[in-house]
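A short write-up of the structure that comes next.
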Amino acid sequence: MSKPFYITTAIDYVNGAPHLGHAYEKVIADVITRARRSLGQETFFLTGLDEHGQKVQQAAQTAGKTPQAYCDELAAIWLAFARKLELTNDDFVRTTSTRHKQVVQDILAKLHAAGQFYQAAHKGFYSTKEETFLTEKDRRPDGTFDPSYGEVVELVEENWYFKLGAHQQWLIDYLEANPGFIQPDYRRNEVLGFLKNHTLEDLCISRPAARLNWGIPLPFDANFVTYVWFDALVNYVSIPAAHGDAGVCAALNLPSSRLHPPSSPLSLWPADIHVIGKDILKFHAVYWPIMLKAMNLPLPKQILVHGWWQKDGAKISKSTGNIVDPIAVIDEWGLDAFRFYVLRELDIGPDGNWTDAGFQSRYGAELANGLGNLVNRSLSMLQRYRQGIVPARANELAPDANRVATEVRGLLEKNELQAALQSIWTLVTRANQYVDQTAPFKLAKDPTQAARLDEVLYNLSETCRVLAVLLWPFLPGTAGKIYAQLALPGTPDQIAAAGWGGLAAGHTIGQPAALFPRRDQPKP
Ligand code: MSP
């Protein structure tokens with residue numbers, strides 16, 4: 001049984017509507033998944049929702065609903081959002097599902113039996129309003145806590161702790177021996193710096209049920225529920241277990257009587273990539289590896305860390321109204337315009353800044369005038385001058401197209417999505433220049449230039465076909481439209497088809513139509 005390329009995203013809290021940051025991460029994971037498929041690999045793409053914990057409990061309370069009813073309602077919205085982004089996820093995890101909760105409890109029971117947990121009392125400053133312990137970092141310069149925390153009381157609370165300290169050196173050694181484990185490098189250095197300069201505190205894995213009951217009960221102590229991060233991280237293995245992953249089931253001694261493995265079980269773990277945002281790096285690069293080690297499971301191959309989006313240079317925030325609503329953008333400009341902008345504008349790693357002007361400028365220059373214009377005029381001229389019939393093969397643009405295809409293949413293997421788009425656009429630009437240089441509209445007026453016009457039209461229409469193949473992971477809808485306008489069957493989803501010369505002489509193309517309608521009016 002071959003192991004599919006297994007890729008995950010962070011699972012989103014269901015305490016509100018999806019925003020640009022959530023959409024960005026899911027689009028990155030979707031493009032990497034499609035790229036792997038295009039490169040000929042089997043894939044398994046998991047995304048989903050983090051439904052337990054205080055944030056969700058509070059949001060449900062505010063909405064006047066039970067937490068489960070609230071989660072069910074929001075899950076429908078988030079699922080529709082995944083469809084809106086045309087994510088090709090193979091499963092969608094909800095942490096309130098039985099298949100997930102049981103695995104969390106199995107792991108807790110196993111680690112408890114192995115002596116990995118202990119109970120201790122913690123004394124600290126507790127905000128009753130925020131229902132959270134505050135730390136020294138929350139103090140203002142004068143030593144007091146901000147009035148927004150309401151009454152702050154000193155409290156002693158019993159909890160369960162997971163022993164992390166014993167694994168600190170092991171983790172440092174692992175990160176040093178595996179430079180690709182956390183990418184980009186500066187994120188890896190951040191984690192190494194943290195581990196080398198701090199003594200790891202043990203992780204509190206419980207919350208007293210008396211103050212937070214929206215969580216998975218600890219199987220060995222009914223007075224507590226599981227800390228939401230311990231619960232959420234487990235999704236990366238609970239779903240493989242649900243698909244009958246033999247390695248996970250064996251390591252966790254999952255009772256086969258309870259699991260209902262599908263007739264053809266999948267072998268998924270270890271994940272090839274966890275795609276996450278920079279704010280949750282410590283959970284994935286410190287706690288999660290140590291949890292896996294304690295479970296006797298191998299570590300994921302890579303944690304790929306993206307940056308955060310701002311809008312107009314300021315933090316995205318519902319309360320200040322500084323938001324980008326991805327659904328509104330998609331409804332107005334189309335999904336592929338959204339996918340293109342976020343991937344072309346921002347490399348995976350640094351922070352980015354969304355501006356409506358920047359979005360519109362890329363739409364106009366690169367999509368409408370660049371790609372859209374190239375495809376439209378190439379196919380329109382083939383229709384007009386040759387009744388849509390592809391002339392004999394010609395190879396003038398072949399070196400450019402083959403160079404770009406090779407480059408893109410290499411960049412996709414390294415998940416360098418922005419660079420891959422840049423490379424693809426060198427071909428778009430080259431082909432548009434080729435139209436200007438060869439001036440087929442002039443050639444068409446001169447019967448002695450018929451053979452030259454044939455050559456030019458072949459080069460252009462074949463370049464459009466190659467572009468459809470290279471673009472498919474990024475802009476699947478647009479790639480499909482180009483294929484349809486070329487009247488080619490199927491989907492351009494295999495990069496192996498990018499080799500020059502795929503368009504056969506004598507083939508009749510379909511009707512061209514604008515891929516990215518021009519918008520001269522600025523967005524209201
Ligand atoms: N539930 C946890 C993750 C658990 S994973 C086992 C969580 N949820 S979240 O909804 O707050 O964030 C989900 C993802 O969205 C995170 O990777 C986070 O970095 C990302 N983003 C949230 N806001 C963002 C931006 N403004 N920009 C880019 N990504 C951001 O954390």
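Show the residue pairs meeting these rules: Cβ distance below 9 Å; 6+ apart or different chains; first residue within region 298-317 and more than 17 Å from Ala357 (Cβ to Cβ) and modelled with pLDDT of 95 or more; second residue surrounded by fewer than 19 Cβ atoms within 10 Å (Cβ to Cβ) and among the β-branched types (Val, Ile, Thr). These pairs meet every condition: Val305/Ile280; Trp308/Ile316.
If the condition is being more than 10 Å from the ligand (Cβ to nearest atom) and closer than 25 Å to Ala76 by Cα, then region 1-31 contributes Tyr6, Ile7, Ala17, Val27, Ala29, Asp30, Val31. Scanning region 380-400 for residues that are part of a helix (DSSP H, G or I) and over 15 Å from Leu453 (Cβ atoms) returns Ala398, Pro399, Asp400. Checked against (1) buried (at least 19 other Cβ atoms within 10 Å of the Cβ); (2) within 12 Å of the ligand (Cβ to nearest atom); (3) aliphatic (A, V, I, L, M), Leu281 passes all but a single condition, namely (1). Selection of region 47-65 for residues being closer than 13 Å to His100 by Cα and among the hydrophobic types (A, V, I, L, M, F, W, C) yields only Leu49.
For first residues located in region 421-445 and closer than 28 Å to Ile28 by Cα, partners that are modelled with pLDDT of 95 or more and not in a helix (DSSP H, G or I) and lie 6+ apart or on another chain with Cβ distances below 6 Å do not occur. Yes or no: Val286 in contact (Cβ under 8 Å) with a residue 60 or more places away in the chain, of a type in the set (Val, Ile, Thr) and either in contact with a strand residue (DSSP E or B) (Cβ under 6 Å, 6 or more places away or on another chain) or in a loop (DSSP other than H, G, I, E, B) (or both)? No; evaluated as a whole, the condition is false for this residue.
Here is a yes/no grid of residues against (1) of a type outside the set (A, V, I, L, M); (2) within 16 Å of the ligand (Cβ to nearest atom); (3) within 38 Å of the chain's Cα centre (by Cα):
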residue: Leu343; (1), (2), (3): no, yes, yes
residue: Gly349; (1), (2), (3): yes, yes, yes
residue: Tyr363; (1), (2), (3): yes, no, yes
residue: Leu367; (1), (2), (3): no, no, yes
residue: Leu371; (1), (2), (3): no, no, yes
residue: Asn376; (1), (2), (3): yes, no, yes
residue: Arg386; (1), (2), (3): yes, no, no
residue: Ile389; (1), (2), (3): no, no, no
residue: Leu397; (1), (2), (3): no, no, yes
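In this structure, does Gln449 turn out to be closer than 30 Å to Gly349 by Cα and of a type outside the set (Val, Ile, Thr)? When the stated conditions are applied, Gln449 does not pass them.
The values are calculated or read from the model by the stated rules, or taken from the named source; none is laboratory data. All values derive from a computational prediction rather than experimental measurement. Cβ sites come from the backbone with ideal geometry, for glycine too, and all protein chains shown count toward neighbours.
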